[in-house]
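What follows is a set of notes on a single structure, which appears directly below.
Laboratory data are not the source of any read-out in this text; all were calculated from the coordinates shown. Everything numeric here is computed off the predicted structure, so don't read it as measured data. Note that each Cβ is placed from the backbone with ideal geometry, even for glycine, and that neighbours are counted across all protein chains shown.
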Amino acid sequence: MCAILNIPDDLVSEVQKATGQKSKTKAITTAMKEFVRQKKIKQLIALRGKVQIDYDWKKEEELEIKAQKEREKLLERKR
């Protein structure tokens, strides 16, 4: 997308230095991606303690081991 923006030159220069990008476009894109990433992290952190997960990993592990044994039996039959 092409857009005309009025961004102060000193701010663009600072973003270029912070991101290590020579291109203004790449510098601004990098900064925007990082901003969005940090916002998403904050949203996930805000969910801490609010989401209850009832997960029995031991049961899941047992089921996976059983399924693996079944797959192995099928492979042996095909040989």
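How many residues does the stretch 29-79 hold that are within 20 Å of the chain's Cα centre (by Cα) and either in a helix (DSSP H, G or I) or surrounded by 10 or more Cβ atoms within 10 Å (Cβ to Cβ) (or both)?
To start, the set of residues in the stretch 29-79 that are within 20 Å of the chain's Cα centre (by Cα) comprises 29-48, 51.
Of the ones still in play, those that are also either in a helix (DSSP H, G or I) or surrounded by 10 or more Cβ atoms within 10 Å (Cβ to Cβ) (or both) are 29-46.
Number satisfying all stated conditions: 18.
Pairs under 9 Å by beta carbon, first residue touching a residue at least 12 places away in the same chain (Cβ under 8 Å) in the stretch 1-21, partner among the small types (Gly, Ala, Ser) and surrounded by 10 or more Cβ atoms within 10 Å (Cβ to Cβ), six or more apart or different chains?
Val12/Ala27; Val15/Ala27; Val15/Ala31; Ala18/Ala27; Ala18/Ala31; Thr19/Ala27; Thr19/Ala31
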